1. What ranking, highest mean first, results for peptides A:19-30, A:208-219 when packing means the other Cβ atoms within 10 Å averaged over each residue?
2. Give the lysines whose C-alpha is closer than 23 Å to that of B:LYS84, dropping any in the same chain fewer than 8 places away, or say none.
3. I'd like the mean, over residues of B:89-96, of how many other protein chain beta carbons sit within 10 Å of each residue's own Cβ.
4. Normalise the Debye intensity by I(0) for the range B:181-240, one equal point scatterer per Cα, no solvent, then take log10 at q = 0.13, 0.20, 0.23, 0.28 Å⁻¹ and round to two decimals.
5. Using the per-residue mean of other Cβ atoms lying within 10 Å as a proxy for protection, in what order, highest first, do the peptides A:116-122, A:6-12, B:27-33 fall?
6. At a Förster radius of 60 Å, what calculated FRET efficiency corresponds to the Cβ-Cβ distance of A:LEU201 and B:ALA118, to the nearest 0.05?
7. At a probe radius of 1.4 Å, figure out the A/B buried accessible area, summed over both chains, and give it in Å² to the nearest 100.
8. Explain nothing, just compute: Karplus ³J(HN,Hα) = 6.51 cos²θ - 1.76 cosθ + 1.60, θ = phi - 60°, for every residue of the range A:114-119 in order, whole Hz, x for Gly and Pro.
Amino acid sequence: MNFAFLGKYWQFYLVGAKNTVLLAALAVLIGTAIGLFLSLLKLSSKKPLRFIASAYIEFIRGTPLLVQLFIIYYGLQAVGIRFPDIPWIGAILGINFSDFMSGVITLGLNSGAYVAEIFRAGIQAVDKGQMEAARSLGMPHRMAMQHIIIPQAIRNILPALGNEFVVVIKESSIVSIIGIGELMYKADTIRGNTFQPFEPLLVAALLYFLMTYPLSKLLAYIEGRMHSGER
Amino acid sequence: MNANDELIKTIDLRKHFGSLEVLRGISTSFVKGDVAVIIGPSGSGKSTFLRCLNLLEIPTSGQVIFEGVDITRAGHDLDLHRRKMGMVFQLFNLFPHMSVLDNITLAPIKLRGLTKEAAENRAMELLKRVGLTDKAQVFPSKLSGGQKQRIAIVRALAMQPDVMLFDEPTSALDPEMVGEVLEVMRDLASEGMTMIVVTHEMRFAREVGKRILFMDGGIIAEEGPPEKIFGNPENPRTREFLRKVL
C-alpha cells in the first residue's frame, strides 16, 4: 500500500468532495420540489393527476439511474436541448457548468420520485381525524393541508428526507461517467495519473463514508429529539 | 313547528359503503333550540347519519337541507355551511402541533376574519366557561381526555355555529372524565344551543335530550320525547335495546 500520492493530490479530493456535496444538495433540493409536487398530485382526488404522478414515479424507480443520466446528457443534446454554460460559475467551482447541470437535473429528477413517496407516506400517516376536524370547522382543503396536515407530516418526513440526502451523496458518484469533477471522477483521475489502480479508491471510499456517516448520526440525533419533544 | 325554525332537514338520506347499506332512507328535521339525542345499537348508522349532516360523509342519495339550502347539491360553497355547524369527535382530533389557544383561534382568525386579539379574547372567555383558562398555552398531549374534549367543544364553539354535532363525545373517555364533558354539554343545551348528539350515555339522553331518535338498521325506528322513549317505547326493538343498556 502506498499513499504517497496524497501529498501531491489531496486537493483533488477536496475539490471532488466539495462538488459531490454541492451536487447532492442541489439534487435533493430539486428532488424535494418535484417530490412535493408529485405527492400532492398522487393524493389528488382527480384520477388523471394521480395517473401522471404514478407513471412518473414508477418509470423513474423502474429504470437504472445510469440510463436516465445518459438520456439527459446525450438525449437532450441530440434533440437540441442543452443547459447553458455559465463560465464564471464553472470557473469558481472548477467544473463545466453545463455538464454539472445535467448531473444535477438527472439526480434531482430521479430523487424526486423517491421523495414523492416519502412525502405521500408522511402525509398519509397523519391521522385522518385531523383533516375531518379541519374541514368540519369550514377550512377549505388547501388551507387544511397547509395549516394542519403538512406541518404534522413534516415530522414524519424529515428523517426520511435526510436519509435521501445520504443516498443521493452515494449515487452521485455515477455522474463521474459524464466527466463531472466530483469525488469519484477525481479519484479516477488520480488513479490514471499515478498508475495506482487501488489506493486512490480507498481514499475516495473513506471520504464518502466521512460524509455520510456523520450525516446519518446527525439525523438519528434530530429524530430522537423530535420524538422526545412529541407533544 | 314553524318552518322558519327548521335548521336542518334530511330527505330520504341513504348511504352505501360498497354493498353495505348503512342508511336506508332517513327523513327528519331539527329545529332551532332542539336537543336531539340519537341512540341505538352499534352499526345502526348513528354516526354515519351525523357525519352526513355536514357532509363529512357524502350520502349516496337524498338531501340535506341546512338553513333552507340543499347542501347536497353541487355548486355552492360547502365550507361556508360547515362554519355554522360545529362538530365534536369521539377522538377529540385536537391539532397536536398547536397550543390550546391556537387550536381554538386558528379557524376564527382564518375563516371569520377576526383579529388575533379578538379571537384570543373570545377563546379565553370560552375557556373560562369550561374551566380551562390555565391550559391556554399548553399543548394537547399534556391534557387529560376530558380536558381535550372540553377544548374540542370550545374550538367548535369559537366559530359561533348555529348547531353543534356531537359524535359519541364521551365514548373514548375514562369513566371518571365523562361527567365533566357532559356537564359542559348540559350547560350548552340550557343556553339554547341547537345540538344533535350521538351517544351511549342514556342518563344524559333522558335528562338533557328534548327529543330522542332511536336508530336501528339504518332507519329511525322510533322517535319522541325522552319520557315516551324511555318510559313507554312502542317499537319492540327500542324496548329490547333499552332493556340491554339500562
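The values are calculated or read from the model by the stated rules, or taken from the named source; none is laboratory data. The shown structure was predicted, so the numbers you read here are calculated from the model rather than taken from an experiment. Here the Cβ positions follow ideal geometry from the backbone for every residue, glycine too, while neighbour counts run over all protein chains shown. For the accessible areas, the whole protein counts, side chains as well, though only heavy atoms, and no ligand, DNA or RNA atoms are used. Shrake-Rupley method; radii C 1.70, N 1.55, O 1.52, S 1.80 Å.
1. Result, highest mean first: A:19-30, A:208-219.
2. Answer for B:LYS84, where 23 Å is the Cα cut-off: A:LYS128, B:LYS9, B:LYS32, B:LYS46, B:LYS110, B:LYS116, B:LYS128, B:LYS148, B:LYS210, listed by chain and number.
3. Going residue by residue through B:89-96 and averaging, the value is 5.
4. Per q value, in the given order, log10 I(q)/I(0) is -0.35, -0.76, -0.95, -1.24.
5. A:116-122, B:27-33, A:6-12
6. Using R0 = 60 Å, I get an efficiency of 0.35.
7. So the buried area, both faces added, is about 1900 Å².
8. Computed from phi, the couplings for the range A:114-119 are 6, 5, 4, 5, 4, 5 Hz.
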